[in-house]
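One structure below.
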Amino acid sequence: MRFYESASTLEKEQDQFDLDMKSFAAGEINPVKFKAIRVAHGVYEQRQEHTYMIRIRCAGGGITPSQLKKVAELGAQYGSGEVHFTTRCEVQVHNVLLQNVIKVIRGLNEVGLSSRGGGGNTIRNILCPSKSGVDPDEAFDVTPYTVALTTRMIQEEDSWNLPRKFKIAFSHSEKDVAFTQTTCLGFVARVKDGQKGFAVYCAGGMGAKPMVGHQLFDFIPDDQVYHVTRAMKLMFDKHGNRRSKFSSRIKFLWKKLDREDFEARFNEDYLPIKGDKSLNLVLPEIENSANDTDLVVEPAEGPEFALWKQRFVSAQKQEGLYCIKVPLQLGDLLSKDAYQLCDFLDHFGENTIRCDRGQNMRIRNIPEKYLGNLYHVMTKLDHTLVQFPAFISNMINCTGAQTCKLGICLPRGLSTEIRERLDKTDLDLERLSGFRLNMSGCPNTCGMHHVADLGFFGKISRKSGNLYPAYNVLAGAKTGQHGQTEYAKKLGEVAAHHIPDFVADFLGNYLEEKEDHDSYQAYLDAGGNDLIKALCEQYKEVPEYEEDARFYTDFGAKKRLSLDELGSAECSAGIFDMIGVDQKSIQAIEKAFDQTTDKDNDLYKVVFHSARMLLVTRGLDAKTDEQAFQLFAKHFIQAGLIDESYLTLVNAAKQRDLSALSANESQVFELAKAVNTLYKSMDDSLRFKVEKKTPETAQKTDSDEVLEKDFRGVACPMNFVKTKLVLDTLQAGQQLQILLDDGAPIENVPNSVKLEGHQVLKQEQDGSGHWRVLIQKVNG
Amino acid sequence: MNLNESQIERYSRHIILQQVGGPGQEKLMNAKVLVIGTGGLGAPAAFYLGAAGIGTIGLIDGDQVDLSNLQRQIIHFTEDVGRPKVISAKEKINQLNPEVNVVTYETLFTQENALEIIKDYDFIIDGTDSFAAKFLINDACVIGKKPFSHAGILRFDGQTMTHVPGTASYRCVFKNPPPKNAVPTCSQAGILGAVAGMLGTIQAAEALRYIIGIGDLLTNRLLVVDALSMKFRTVAVAPSELDITEFQTYEEVACDLS
């Protein structure tokens, strides 16, 4: 059994990828270009240079025991000895060296798995709920649609070069556990007049700019799934924004066009194919039953077994069969644990495993009498959370800055700290089995904080110039009914080191009051939100670095939080946080400047914040004010990004010459404005669009046409250098006329040109004192 | 390729040279040079190559920076002690010249990886500190038909020569590595730091001149430097009929000087 069929061109693409990797290792392909190549193969560089993560597609989270075993083996042989389960229901192999990447990828071919499209601008892993097909409350099983759509999409060549990623999810019931309004295209299963079909949502997305998806259809018959997807893909391909990767997702297209225009363009691609039955998906039969097995029953009993069942086991709609959650620690399943599980599951057939969005593994189709066997297997595994309440393994966190280049904070470390903190309390976590505590290391939503009951996402804070890890706090996402999704709201921020206490305090209060409210939402409205805000105030402050340095090193980090690696990382929103601090400080001073009593000091601050504001974009971090001025002068003024005329001002600030600043008050604010303008011109690669003097390039001219270059104001020897470069582009016999200043230039340049073997035909001074020199190129 | 404004300024003192000019600078910017070892020889060589705007510089070294290295290995700073040399060197080169693409290989140069690594480079600089490595580099470059610069240093003495396919190789000077006991042990030997710099920068100059295609390289001659009496002389070396087609066994007699 397979959950998708790879494209026939895959192995050829892998051969090319292999060659590309070798060229990259030899320095022939630059890292940015290589990134585009490898990411499309699901290969991401980790924070550690030359170490990679490989993401493997699992349509609908499905993977067979033999496939999972192979991934575990590859992980043991070439990676970190484990399989990582992601929030997008895929599996990943981590810590693979460049030279082993291709071995892992080719190893996957053996079991029909592929990492193609694990990243990049393409159809990403298509999701469906991990209980689809076995859930007694479902409308119908959506797994066959997920499987058939995946196979179709990855066969189509035009799926591989979309403006940005394209995410699709299916929900198997009105409860919408796949969060279809948070994704580019979502289908919610429903039955209307006996006909299977879907409500369709589109243009949702989380990330740093979250948007809730909109209903596109209240109902389409189930044979229209491919047609709708294809039309959305074509439309996205044509109209999506390819220029900026930060506003390229389908959600931004909706925002730009509004419903009417969006629908009109969608219909341009949808209506022509709508009636074409030849495009209908061919749905596979996916049977949920258990193989006959002669495995000896090993019963289990007692309160611990009962507690295990209560926490992790649920009855399937197929009578006598059960679905079991394997709670993983931070989504990691050790290879050796995977071997144990897969060998056991082999007895029951290939359709026995799903990855779920909580980074856990879900087993299905186990007959009741074998639950004891599974209990014994699971409790013997080395690295699971089977001894903890389900709440603990339901916590979601992204991998964070340990491996991810975008990461700011380390939610894996935080998650462990929260677990240990809660373990020391007597809170009854069994009553919180459905509670979603989600955390991301940065504003990107890999940890799904937007759909959390209580969510955190990482940020950088600063105290007395020292950086410390912190998190924004969100709460109260509304999910559980399609069409009514609302994202969690940001309520405050907390220092990372205070979060375990924060969580313990908050959950303590919630558990106390839980029974008084109909829902979590009602609890939040009645005072829960206020409590969160109060706790944020309580837990925001950190001691000075000199008093307690621990607060400045993230959980699980080896060294203090710093910006060292941000400069080379992809454009991270952490940078914008940093810039925002200075920007806001300047605005605040400007606003209150008329009323201030200490104008001198305020002017100094404006120069300081202007100087520091964009240093982060160059990967620079000023430890002192003086350093900020110095780095700014070097990297912004001398680099030609900010006008030279501000140098005196910056130097005055560096010397703390406050009177010089107040004498040039207007220039101080002009500087702030110039920095702001520069910031606005910054593109997504943190480059600035500055009008540069165009390099002197000579066009090919006919030999009787004289090229003229103005080198007035260009000092020696740059005037000669430029002359020489223009001459390089000419052919023997062609002439060049240059304009030079009087003095050293006219005394030196013509002689230097002659020494190179060229002829100086004429040199004459014009009325304004400048010199006009006519040169004929001699050697070719 | 057109040089932009800052490149024109950065490389102006190259461009002024009649034998270099814009075309010569562009050759440098398109060139790939591999520096094996980022120690006493490799550090100054790689630093000057970076400054010169070599397009791609490969750095191979499996070692970490040691405090005793800093007396001569000027690309590494005190704060780098304990860090991989290739990373430290890469950072310095890019601070000096962000345009250079520096490729690092944090590994030893071995028979197994030699040909695979050198094949993509235009010129190779031997900045290693052992005879085994020097013979291996020589043989790899002869087999792989790559030009390279050899150099060796000890106390106040240095020697260097350049090989391009068809000219004398290191084995034409020394047929085989010396026996173990003939080499001074590390505790007996020392090196005047600046001598490493002298030889390393000669190697860099050889690479630059080879790439631009100017002057007379140190081929078929060995330059011998005695920095105690400060005398330079060259010794003619005839290309022999040695036919190097496969690797031999290279016994490691390490001396941590370069």
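The values are calculated or read from the model by the stated rules, or taken from the named source; none is laboratory data. This structure is a prediction, so every number in the text was calculated from the model and none was measured. Neighbour counts run over all protein chains shown; Cβ positions are idealised from the backbone, glycine included. The protein model used for the area step is the full one, side chains on, heavy atoms only, and it has no ligands, DNA or RNA in it. Shrake-Rupley method; radii C 1.70, N 1.55, O 1.52, S 1.80 Å.
A few comments on the model shown:
- Top of B:I244, B:I16, B:I118 by mean-square fluctuation, Gaussian network on chain B, Cα under 10 Å: B:I16
- Selection from A:N509, A:P210, A:G733, by position along the positive dipole direction of chain A (Cβ): A:G733
- Each of A:D237, A:D176, A:D742 has its accessible area taken with a 1.4 Å probe; listed largest first, they run A:D742, A:D237, A:D176.
- A:M395 accessible area, 1.4 Å probe, all protein chains in place, Å² to nearest 10: 10 Å²
- Spin-label pair A:Q538-A:K634: with each label point 7 Å from Cα along the Cα-Cβ axis, the two points sit 4.6 nm from one another.
- Among B:G213, B:G37, B:G158, the largest mean-square fluctuation in a Gaussian network model of chain B (Cα springs under 10 Å) belongs to B:G213.
- Database remark: amide H of B:R83 closer than 5 angstrom to the amide H of B:V65 (H placed geometrically; neighbours at sequence offset of 5 or more, or on other chains; Pro and chain starts carry no H).
- Applying 1/(1 + (r/R0)^6) with R0 = 51 Å to the Cβ-Cβ distance of A:R656 and B:L228 gives a FRET efficiency near 0.45.
- Theoretical gain in end-to-end length, A:I273 to A:S666 [0.36 nm per residue, Cα-Cα removed]: 135.2 nm
- Springs join every pair of Cα atoms under 10 Å in this Gaussian network model of chain B, and among B:F109, B:F247, B:F174 the largest mean-square fluctuation is at B:F174.
- These residues, B:V33, B:V173, go from largest to smallest accessible area, 1.4 Å probe, as B:V173, B:V33.
- A crude spin-label estimate for the pair A:D294 and A:Q387, with each label 7 Å from Cα along the Cβ direction, gives 3.8 nm.
- Listed residue pairs exceeding 26 Å between alpha carbons, taken from B:K27/B:K146; A:K175/A:K317; A:K131/A:K459; A:K69/A:K325; A:K131/A:K256; A:K405/B:K85: A:K131/A:K459; A:K131/A:K256
- Taking Cα atoms only, the orientation of helix A:599-613 departs from the longest principal axis of chain A by about 70 degrees.
- Full extension of the chain between B:E5 and B:I143 gives 45.5 nm of extra length, using 0.36 nm per residue less the Cα-Cα distance.
- Equivalent ellipsoid semi-axes - Cα gyration tensor, the range A:461-514, angstrom: 28, 18, 6
- Helix axis angle, A:303-312 relative to chain A longest principal axis, alpha carbon, degrees: 50 degrees
- Counting only protein chain heavy atoms and rolling a 1.4 Å probe, the accessible areas of A:R38, A:R550, A:R230 rank, largest first, as A:R550, A:R230, A:R38.
- Spatial offset of the range A:579-632 relative to the range B:125-167 amounts to 54 Å, using the alpha carbon center of each.
- Degrees separating the helix A:718-729 axis from the principal Cα axis of chain A, which is the longest one: 70 degrees
- For the protein assembly as shown, with +1 on Lys and Arg beta carbons and -1 on Asp and Glu, the positive-most of A:A36, B:N113, B:I211 along the dipole: B:I211
- Heavy-atom accessible area for A:C446, with the other protein chains in place and a 1.4 Å probe, reaches approximately 80 Å².
- The charge dipole of chain A, taken about its Cα centre with unit charges on the Cβ atoms of Lys, Arg (+1), Asp and Glu (-1) only, comes to about 1320 debye.
- Basic side chains Lys and Arg get +1 at the Cβ, acidic Asp and Glu get -1 at the Cβ, and with that the dipole of the range A:305-461 about its Cα centre reaches some 320 debye.
- Those residues of the range A:446-472 whose amide nitrogen sits under 16 Å from the label point placed on A:A549, 7 Å along Cα→Cβ: A:466-469
- Simple point charges give the picture: +1 on the Cβ of Lys and Arg, -1 on the Cβ of Asp and Glu, and for chain B a dipole about the Cα centre of about 660 debye.
- At 0.692 mPa s and 37 °C, Stokes D of the range A:593-661 from Kirkwood alpha-carbon radius, µm² per second: 269 µm²/s
- Positive end of the dipole of chain A (Cβ unit charges, origin at the Cα centre): among A:V326, A:L185, A:P750, the Cα lying farthest that way belongs to A:P750.
- Pair A:L19, B:I16: separation of 7 Å Cα→Cβ label points (nm): 4.6 nm
- Heavy atoms of A:T9: accessible area, 1.4 Å probe, square angstrom to 10: 70 Å²
- Between B:F77 and B:T110, residue separation times 0.36 nm minus the direct Cα-Cα distance comes to 9.1 nm.
- Centre-to-centre, using Cα atoms only, the range A:406-438 and the range A:1-25 are separated by 39 Å.
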